[in-house]
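The values are calculated or read from the model by the stated rules, or taken from the named source; none is laboratory data. Only a predicted model underlies this, so the values are computations on that prediction, with no experimental measurement involved. Here the Cβ positions follow ideal geometry from the backbone for every residue, glycine too, while neighbour counts run over all protein chains shown. Calculation scope for accessible area: heavy atoms of the full protein, side chains included, ligands and nucleic acids excluded. Shrake-Rupley method; radii C 1.70, N 1.55, O 1.52, S 1.80 Å.
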Amino acid sequence: MYRCEACKSPRSLTAAGMCAVCNAKPRDGTSVIDLVPQTSTDLIRERAHYDEYYRASPLRPANNECDDLEALWASAYYPFNTKVWSRVAEAQPERILLLGNGGSPKELMFLRLEPQTLVYSDLSPHGLTSVQDAYPSLSRDARIFWAAVDAQQLPFGRESFDLVYGYAFVHHLPSLAGFLREVDRVLTPEGRAVFFDDAFARDWQRFKLGVGRPLMRYFHRQEPVSPEDLRATEAGGFSAADLEPLAKRLGRPLAFETDGCLHYLFTRASERLPPRFAWRWLARRDGFLAGLIRLDRWLAKRSTIFARNQIRAIWGLGPRRVGN
């Protein structure tokens with residue numbers, strides 16, 4: 001469907017956005033190159049949902065671009081971000097692919113890792129342009145390439161990246177196994193993947209789909225979710241037991257860590273439950289949030305119930321094992 005305008009070969013891009021066959025750069029009328037095939041009804045519907053979301057909720061321009069990004073990674077509201085950053089920095093990547101990054105600007109801080117290329121991608125072009133509008137100076141960095149892509153059909157050649165990264169997006173995908181095969185294909189043998197998403201928390205899932213279902217529906221009325229978000233909510237999050245066989249098939253070790261129960265439930269409540277002024281007053285207190293984080297981690301070490309109901313997961317793939 002997509003062919004290079006210069007050599008007419010099926011379009012496959014390098015990490016720098018060049019044709020993998022002839023090195024020509026695709027022409028496009030905007031700063032975001034749109035490479036999403038319009039062939040799947042589900043894909044079109046999901047994209048339309050997020051196009052509308054980003055149009056209706058643009059990012060506010062940053063006061064100080066660098067300071068704002070540091071605050072996002074160090075926030076007590078998102079305590080798992082420090083662990084995600086640690087995994088990314090440990091990889092020391094030169095070529096980075098961000099998938100499903102939507103309107104998230106915090107990944108602009110990856111420029112501090114001095115990569116050769118940072119590919120910002122999402123299904124929705126509007127998410128990407130919202131980052132450009134809010135962070136104009138950093139977004140113009142010559143190392144960044146902006147593209148709308150389908151994560152299940154990555155338009156990049158084999159072994160194009162040292163790091164593939166996704167934050168709260170993998171649950172949108174209909175085929176986890178197919179997606180991970182694509183990730184493995186575009187990663188170098190020494191490359192890594194780092195993802196953050198929901199973990200499968202057995203008792204929390206039973207509550208959501210049982211007596212808590214009216215509450216879940218109330219939350220979704222307050223902020224409508226996409227079709228894939230709804231499917232993921234019904235199915236639950238990721239578990240090491242489900243991911244391990246897929247990683248093994250690719251010859252890559254699985255990294256998997258869970259975090260957050262009480263802290264997660266509190267912050268979710270603060271976003272949608274009345275009285276919002278009271279929730280938000282507490283949510284602005286870093287000391288209160290830090291106490292919840294400490295309590296969460298203390299309980300997870302001492303209680304089986306809390307250990308199996310950590311609701312956030314930081315996971316990924318390591319370097320390919322020799323012989324695979």
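Tabulated results
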{"item": "The listed residue being more than 19 Å from the chain's Cα centre (by Cα) and free of Cβ contacts under 8 Å to residues at least 24 places away in the same chain, out of R206, R252", "result": "R206"}
{"item": "Complete set of residues in the range 153-170 that are under 21 Å from S40 (Cα atoms), of a type outside the set (F, W, Y) and modelled with pLDDT under 95", "result": "Q153, L154, P155"}
{"item": "Residue in the range 174-190 that is buried (at least 17 other Cβ atoms within 10 Å of the Cβ), modelled with pLDDT of 95 or more and outside any helix (DSSP H, G or I) present", "result": "yes"}
{"item": "Segments classed as strands (runs of 3 or more DSSP E), wholly inside the range 86-171, with at least 1 members that are among the aliphatic types (A, V, I, L, M) and farther than 21 Å from W73 by Cα", "result": "144-148"}
{"item": "Odd one out for W204 among (1) open to solvent by less than 20 Å² (accessible area, probe 1.4 Å); (2) in contact with a Cys (Cβ under 9 Å, 6 or more places away or on another chain)", "result": "(1)"}
{"item": "Residue within the range 231-246 that is farther than 22 Å from W85 by Cα, crowded, with 16+ Cβ neighbours inside 10 Å, of a type in the set (A, V, I, L, M, F, W, C) and without any contact (Cβ under 8 Å) to a residue 60 or more places away in the chain present", "result": "no"}
